[in-house]
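Here, each number is a calculation from the coordinates, and none is a lab measurement. Note that this is a predicted model, so its numbers are computed, not measured. Quick reminder, even Gly has a Cβ in these numbers, built from the backbone with ideal geometry, and neighbours come from all protein chains shown.
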Amino acid sequence: MKPATLLRNQSGVTLIEAMIAIVILSIGILAVMNMQVIAIRSSSSAMNRTDANNVALSLLETLKELDFDDPNLAETVASPGALANDGNERTFTAADFPEMNALIQFPAGAAAGTIVDQSGITYNLSWDVQDRLLPTGEILNKTIRIYMTWNSPMGQNRLEMTTIKYNNIDL
């Protein structure tokens, strides 16, 4: 074959190679864009969880600072080991904890226990209390469990925190 014939048979090959390279590059760019969207959603979800953690921890610390016989620490669960978010828990209200008003807001007309943090995320906040008694009938300690739920770009989320508050009694 003559060199001119070989060149004629090769015409358009560079264009096809360039188009294939562009398609492969486009697929790679789409994959990177999808990863970025997932990373942004995950980062937002992590920020929401951190905010929820801060609010729940603030409430937990506030409850631990209360007097042992404070009405907010009245037992809500009667049977041992029954601590659960089962509808018997106490709901958070602004009147009970005015010291937390700088951290959260209360939407007008919202149900009790509904709060909004500084970043605008709406949470539902409640807690259970269970007393542990000594054989003498005195309360040894109180188990306090905080419940928070909220929606994020990654779906429904839930947070639970538990602590024990001891009564300062002589044994």
Check: Say each of D67 and E138 gets a label point 7 Å from the Cα, pointing the same way as Cα to Cβ; how far apart are those two points in nm?
Finding: 1.8
Note to self: Output wanted: per-residue J couplings in Hz (rounded whole) for the stretch 21-37, from phi through Karplus 6.51 cos²θ - 1.76 cosθ + 1.60, θ = phi - 60°, x for Gly and Pro.
What the structure shows: 5, 5, 5, 5, 4, 4, 4, x, 5, 4, 5, 5, 5, 5, 4, 5, 4
Next item on the list: Select from T76, I164, Q118 the residue farthest towards the positive end of the dipole of the stretch 47-166; place +1 on Cβ of Lys and Arg, -1 on Cβ of Asp and Glu, and compute about the Cα centre.
Entry: Q118
Check: N141's amide H: which non-local residues (gap 5+, or another chain) put their own amide H closer than 5 Å, with H modeled 1.01 Å from N in plane and none for Pro or chain starts?
Finding: R132, N167
Margin query: Could you tell me the calculated FRET efficiency between V23 and S43, based on Cβ-Cβ distance and R0 = 45 angstrom, to the nearest 0.05?
Written below: 0.90
Check: Spin-label point model (7 Å from Cα, Cβ direction): what's the A95 to I164 distance in nm?
Finding: 3.4
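For F106 and M154 in the same chain, what is the full-extension length gain: residue separation times 0.36 nm, less their Cα-Cα distance, in nm?
On the way: separation 48, 0.36 × 48 = 17.28 nm, distance 2.41 nm.
My answer for the length gained is 14.9 nm.
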